[in-house]
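For reference, the structure is listed below as C-alpha cells.
The values are calculated or read from the model by the stated rules, or taken from the named source; none is laboratory data. These numbers were taken from a predicted model, which means no experiment stands behind them. So basically every Cβ, Gly included, is an ideal-geometry build from the backbone, and we count neighbours across all protein chains shown.
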Amino acid sequence: MSFSSYMDKAPLGKEVLYEDRYNKKLLCPLLRSRSRKGQDLSFFGYDIWRAYELSWLNSQGRPEIAIAHFIISCNSPYLIESKSFKLYLHSFSQSHFESVEVVVKTLKEDLTEALGLTPEIIFNGSTGLIEGVSLDTIQCPISAYEVEKSFLRTSPKVVSEALKTDLFRSLCPVTGQPDFATIGIFYQGSQIEHRGLLQYLISYRKHAGLHEQCIEQIYSDIGSICKPDKLTVTGYFTRRGGLDINPCRSSHDVVLNNIRVGRQ
C-alpha cells in the first residue's frame, strides 16, 4: 500500500464535524515506517507539539484551559495525523474532568496507545500581559453556554477597574471551529458583579459569531445593562491560519495597545 493510499483513512483534507465530547477514537495513528523507506535512520530526536487551545469543563461545569506541550520520541512506532490530533483535543471542550491530573492522565493513556510509546506532557497555564484583575480565580457552578445577559448585575458602589479572563470561547459561524480569546474590560461606573460577569462571558462558549461581532455584543450588553460612564472591551483572540484578531471597542478615544498575550 502506498503512503498516499495509507493516508486515505486520515481526516486531513476532508470535511468533518467538530465533536465537543471526549472521543479518543478520533486519533489517527500512522506508521512512521511508511514514510521512512530507504532513509538513513541513524539519528536521534523528538517531535514537540504545542496545543494552544486545550480546554475542558471541571466538575462544576466551569471551563479550564492550558497550553499543552507534547514531547514525542522520533522512535515511536506511530505518529499522529495532525488534523485528527486537533479533532481529538477539541473533543475535550464540553467534557467534564475532575482535575487537571485526570486530564493529563487521559491524554497520556490515549497517546501511549496510539503512538506505541509514552510521550512527555507538560502543561503551562496561559499568562496574559494585559493589566487587570483576573476573573479566573472565581469558583462557581457554570451551566449556561449560550449568551445569557441576565448574569450582568451591578452594585451601588462606584469604581474604576480593569478586569480580564482567559476563559472566553466562541464558535466560528462558518465552520463551527472554536475561537479562544483573552477578554480585557476597563470601565468606570457602578461596580459590575464579578461572578456574574464571568458567567456572562463564559456563556459565549457555544455562541456562533465573528470575533468582531462577539466583542461588539459584549460591549453593547455591558453598556446597556450596567450603564458605565466609560467602557472599553478588547478581545485578544488566538491565531488561526497564522493570524490573530484583536478587536477593541470603547466609549472614548483609546491609545493603541498593540500587545500579544501568552496564548497568541
* Asked: So which residues in segment 17-72 are loosely packed, with under 15 Cβ neighbours inside 10 Å, closer than 30 Å to THR137 by Cβ and either in contact with a helix residue (DSSP H, G or I) (Cβ under 6 Å, 6 or more places away or on another chain) or not hydrophobic (A, V, I, L, M, F, W, C) (or both)?
  -> ARG21, ARG50, SER59, GLN60
* **Qualifying position, being loosely packed, with under 14 Cβ neighbours inside 10 Å, more than 24 Å from ARG50 (Cβ to Cβ) and either of a type outside the set (D, E, K, R) or in contact (Cβ under 8 Å) with a residue 24 or more places away in the chain (or both), among VAL255, VAL233** => VAL255
* **Checking VAL102 against (1) out of contact with any strand residue (DSSP E or B) (no Cβ under 9 Å at 6 or more places or on another chain); (2) of a type in the set (A, V, I, L, M); (3) surrounded by 17 or more Cβ atoms within 10 Å (Cβ to Cβ), the condition it does not meet** => (3)
* Asked: Has segment 189-210 got any residue that is of a type outside the set (A, V, I, L, M) and touching a Gly at 6+ places or on another chain (Cβ under 7 Å)?
  -> no
* Structure fact -> Expected single match for crowded, with 19+ Cβ neighbours inside 10 Å, of a type in the set (D, E, K, R), touching a Lys or Arg at 6+ places or on another chain (Cβ under 9 Å) and at pLDDT below 95 among ASP244, ASP179 is ASP179
* Taking segment 243-257 as the region of interest, how many residues are hydrophobic (A, V, I, L, M, F, W, C) and touching a Ser or Thr at 6+ places or on another chain (Cβ under 7 Å)? -> 2
* For segment 73-90, enumerate the residues that are closer than 26 Å to THR182 by Cα, out of contact with any helix residue (DSSP H, G or I) (no Cβ under 8 Å at 6 or more places or on another chain) and not small (Gly, Ala, Ser). => LYS83, PHE85, LYS86, LEU89, HIS90
* **Meets criteria (within 24 Å of SER220 (Cβ to Cβ), surrounded by fewer than 19 Cβ atoms within 10 Å (Cβ to Cβ), of a type in the set (A, V, I, L, M) and touching a helix residue (DSSP H, G or I) at 6+ places or on another chain (Cβ under 8 Å)) for ILE142** => yes
* Structure fact -> Just one listed residue, out of VAL147, VAL158, is in contact with a His (Cβ under 6 Å, 6 or more places away or on another chain) and either in a loop (DSSP other than H, G, I, E, B) or of a type outside the set (Gly, Ala, Ser) (or both), and it is VAL147
* Asked: Among (1) more than 30 Å from SER42 (Cβ to Cβ); (2) among the small types (Gly, Ala, Ser); (3) modelled with pLDDT of 95 or more, which single condition is GLY132 missing?
  -> (3)
* Would you please name the residue that is farthest from ASN257 (Cα to Cα), looking only at residues in segment 158-176 that are crowded, with 18+ Cβ neighbours inside 10 Å and free of Cβ contacts under 8 Å to residues at least 40 places away in the same chain? => LEU171
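Look at THR137 and say whether it is under 24 Å from ILE71 (Cβ atoms) and free of Cβ contacts under 8 Å to residues at least 12 places away in the same chain.
Numbers: under 24 Å from ILE71 (Cβ atoms): no; free of Cβ contacts under 8 Å to residues at least 12 places away in the same chain: yes.
The answer is no for THR137.
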